[in-house]
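Here's the structure we're looking at; comments come further down.
The values are calculated or read from the model by the stated rules, or taken from the named source; none is laboratory data. These figures come from a predicted structure and were not determined experimentally. Cβ placement follows ideal geometry from the backbone for every residue including glycine, while neighbour counts extend to all protein chains displayed.
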Amino acid sequence: MKTIISVVTLAAGTAMLLSGCASPPSDAEINARATAMLKASFAARGQAGLDRLDQDETQKACTTYAGKVPGKDVTDRIEKVNFESIKWPADGKYLGNWQNGEKIAQEGRGKQFSDDPAGPVGGNCYACHQVAPQEVSYGTIGPSLYQFAKVRGYGPDIQKYAYGKIWNADAYSACSNMPRFGHSNILSEQQVKDVTALLMDPNSPVNK
Amino acid sequence: MTRRVVLAATAALVLAGVALAQDATVEGIAKYRAALQDGNPAELWEARGEGLWKTARGPKKVTFEKCDLGLGPGVVKGAYAQLPRYFPDADRVMDLETRLVHCMVTQQGYTLADAKKGPFGNGNESKSDIEALVAYVTSESRGVKMNVAASHPKEQEAYRIGERMFFFRGGSHDFSCATCHAESGKRIRLQDLPNLTEKAGAQLAYTTWPAYRVSQGELRTFQWRLFDCFRQQRFPALEFTSDGSIALTMFLARNANGAAFDAPAIKR
């Protein structure tokens, strides 16, 4: 009898403990709360509306695997979806004007709420990459692009690769740190061609 | 043949020249930063903030001297090194700025909208009382070891949500905090980027905010740091004292635990 009472007391005690000290929320629950809290913590300003916080499938997947390496099935799928969405130039020409490309690579403005919506909008390539060697103020988040075509070759396949990579970096490297400049309407088709020329044109300082 | 040798030699010289130019630039920046440490105008904000702390303000004409920053009413010494934290009287995790606003509303009688007005100064055009108060309170934690708790479930939750927000990719450019702050030894242009996912990086970064920004002539708080990072991330405007801003601060502050707080600092 005494044992039974102890067991009952123990059970009641456990139930009280459980109700008073719920287990911590699951990762999925935290993620849902984080997304909701994020959306409630920003206000639309200038050209940056709250829709900037609506993630597409790629952003969602890359957030989920952030800080970890996603499996190959996941990266393959992200790369496939993004590759298939690339809009290739209608005239089949990948190279624009490298001098304009250099200006676009230097320009850091564009799409911030503090920027004029009428432009200019740049690629800010130098923020993360070494590009032409004359510019010594470059970042190192991305690899050096100095001698890009000199090392890889000047042929149409490399031209296409450079254009596609600038248009949508996730098509070649899932969850890349690099913005999808064409895909996300940051740069126009002509601007993507101009930056491609900066990397690919034999006369560009990049390949000297 | 000779021509090729000359060309190669010229190319090597040009490359060496570029490397030298960059080394000189990096070295120049290091010297500039060292020179900055000589005198810090943040002291002006600290003095103004101390004055504001002790001044009877608001419709109720009371000072901050009954404001509880977590260590008891009016205790400023060491308070910032333990923030953000859960405050039972508000049933909310709060960072310093949020707690100051809370005291302005509950003790000094301001409306919430008035208390949150003008969180960031704009040179000589407008001064921010919040920035001055933050300068004063944080200066009273200089040398104190960061010790942000995660004992309350809401503190634990804020930390986990903040971590998630750190990795949230969005906006026109797919940027998250992690884009720039999850690898060591990286730069944006010539600016070194702290790796906030590692203890050393988080400690160095968090313990040196707020800071007097020479380029802006302003003392900037951690709320401002987050606001301006998100601007460059192409996100909309982070709302001052929003739950999201506090959760992210919780994540970063707790990652800095163990390091001596060393601000207000001075940065370019």
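Taken together, the residues in the range B:117-155 that are within 14 Å of chain A (Cβ to nearest Cβ) and buried (at least 19 other Cβ atoms within 10 Å of the Cβ) amount to 1. Among the residues making up the range A:126-145, those that are within 11 Å of chain B (Cβ to nearest Cβ) and within 16 Å of A:Leu198 (Cβ to Cβ) are A:Tyr126, A:Ala127, A:Cys128, A:His129, A:Gln130, A:Ala132, A:Pro133, A:Gln134, A:Glu135, A:Tyr138, A:Gly142. Given the criteria part of a helix (DSSP H, G or I) and in contact with a Lys or Arg (Cβ under 8 Å, 6 or more places away or on another chain), does B:Val105 qualify? So B:Val105 does not fit the description; no.
Evaluation of B:Arg164 against the conditions (1) within 26 Å of B:Arg234 (Cβ to Cβ); (2) over 15 Å from the mean Cα position of the chain (by Cα); (3) more than 12 Å from every other protein chain (Cβ to nearest Cβ) shows that the sole unmet condition is (3). If you check B:Ser139, B:Ser151 for being polar (S, T, N, Q) and farther than 30 Å from B:Arg57 by Cα, only one passes: B:Ser151.
Residues that are in contact with a strand residue (DSSP E or B) (Cβ under 6 Å, 6 or more places away or on another chain) and part of a helix (DSSP H, G or I): does the range A:122-129 have at least one? Checked the range A:122-129: at least one residue is in contact with a strand residue (DSSP E or B) (Cβ under 6 Å, 6 or more places away or on another chain) and part of a helix (DSSP H, G or I).
Looking at the range A:93-115, which of the residues that are away from every other protein chain (no Cβ under 14 Å) and surrounded by 19 or more Cβ atoms within 10 Å (Cβ to Cβ) is farthest from A:Glu189 (Cα to Cα)?
Let us first name the residues in the range A:93-115 that are away from every other protein chain (no Cβ under 14 Å), namely A:93-104.
Imposing the further condition that a residue be surrounded by 19 or more Cβ atoms within 10 Å (Cβ to Cβ) reduces the set to A:94-96, A:98, A:101-102, A:104.
Numbers: A:Tyr94: 9, A:Leu95: 10, A:Gly96: 10, A:Trp98: 14, A:Gly101: 12, A:Glu102: 16, A:Ile104: 13 Å.
Among those that are away from every other protein chain (no Cβ under 14 Å) and surrounded by 19 or more Cβ atoms within 10 Å (Cβ to Cβ), it is A:Glu102.
Per the conditions (1) of a type in the set (S, T, N, Q); (2) within 22 Å of B:Ile246 (Cα to Cα); (3) at the interface with another protein chain (Cβ under 9 Å from one of its Cβ atoms), the sole criterion not satisfied by A:Ser26 is (3).
Any residue that is assigned to a strand (DSSP E or B) and surrounded by 16 or more Cβ atoms within 10 Å (Cβ to Cβ) - is there at least one of those in the range A:37-46? Yes, that holds for at least one residue.
When A:His183 is tested against the conditions (1) under 25 Å from B:Arg187 (Cα atoms); (2) within 14 Å of chain B (Cβ to nearest Cβ); (3) touching a helix residue (DSSP H, G or I) at 6+ places or on another chain (Cβ under 7 Å), the lone failure is (1).
Among residues of the range A:38-51 that are more than 7 Å from chain B (Cβ to nearest Cβ), those with a beta-carbon under 6 Å from a residue that is not in a strand (DSSP E or B) at least six positions away or on a different chain give the pairs A:Lys39/A:Leu53; A:Gly46/A:Phe113; A:Gln47/A:Pro117. Looking across the range B:54-79, the residues that are of a type in the set (Gly, Ala, Ser) and within 20 Å of B:Val93 (Cβ to Cβ) come down to B:Gly70, B:Gly72, B:Gly78, B:Ala79.
For every residue, the table says whether it meets (1) surrounded by 15 or more Cβ atoms within 10 Å (Cβ to Cβ); (2) under 14 Å from B:Glu140 (Cβ atoms).
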{"residue": "B:Val62", "(1), (2)": "yes, no"}
{"residue": "B:Lys66", "(1), (2)": "no, no"}
{"residue": "B:Gly70", "(1), (2)": "yes, yes"}
{"residue": "B:Ala79", "(1), (2)": "yes, yes"}
{"residue": "B:Leu83", "(1), (2)": "yes, yes"}
{"residue": "B:Phe87", "(1), (2)": "yes, no"}
{"residue": "B:Ala90", "(1), (2)": "no, no"}
{"residue": "B:Val93", "(1), (2)": "yes, no"}
{"residue": "B:Val101", "(1), (2)": "yes, no"}
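Among the residues of the range B:167-181, those that are in a helix (DSSP H, G or I), at the interface with chain A (Cβ under 7 Å from one of its Cβ atoms) and not aliphatic (A, V, I, L, M) comprise B:Thr179, B:Cys180. Residues of the range B:237-268 that are within 7 Å of chain A (Cβ to nearest Cβ), of a type in the set (D, E, K, R) and either in a loop (DSSP other than H, G, I, E, B) or at positive phi (or both): B:Glu239 alone. Looking across the range A:104-121, the residues that are in contact with an Asp or Glu (Cβ under 9 Å, 6 or more places away or on another chain) and in contact (Cβ under 8 Å) with a residue 24 or more places away in the chain come down to A:Ile104, A:Ala105, A:Gln106, A:Val121. Checked against the criterion of being buried (at least 23 other Cβ atoms within 10 Å of the Cβ) and either touching a residue at least 12 places away in the same chain (Cβ under 8 Å) or under 29 Å from A:Glu107 (Cβ atoms) (or both), the candidates B:Ile161, B:Ile266, B:Ile188 yield just one match: B:Ile161.
Checked against the criteria, A:Ala118 counts as aliphatic (A, V, I, L, M) and either over 17 Å from the mean Cα position of the chain (by Cα) or surrounded by fewer than 20 Cβ atoms within 10 Å (Cβ to Cβ) (or both).
Residue-level analysis places B:Arg234 among those that are within 14 Å of chain A (Cβ to nearest Cβ), on the phi > 0 side of the Ramachandran plot and touching a strand residue (DSSP E or B) at 6+ places or on another chain (Cβ under 9 Å).
Of the set (1) at pLDDT below 95; (2) crowded, with 17+ Cβ neighbours inside 10 Å; (3) part of a helix (DSSP H, G or I), all apply to A:Met16 but (2). Counting only residues that are within 17 Å of A:Ile104 (Cβ to Cβ) and free of Cβ contacts under 8 Å to residues at least 60 places away in the same chain, which one in the range A:136-168 is surrounded by the most Cβ atoms within 10 Å (Cβ to Cβ)? It comes out as A:Ile166.
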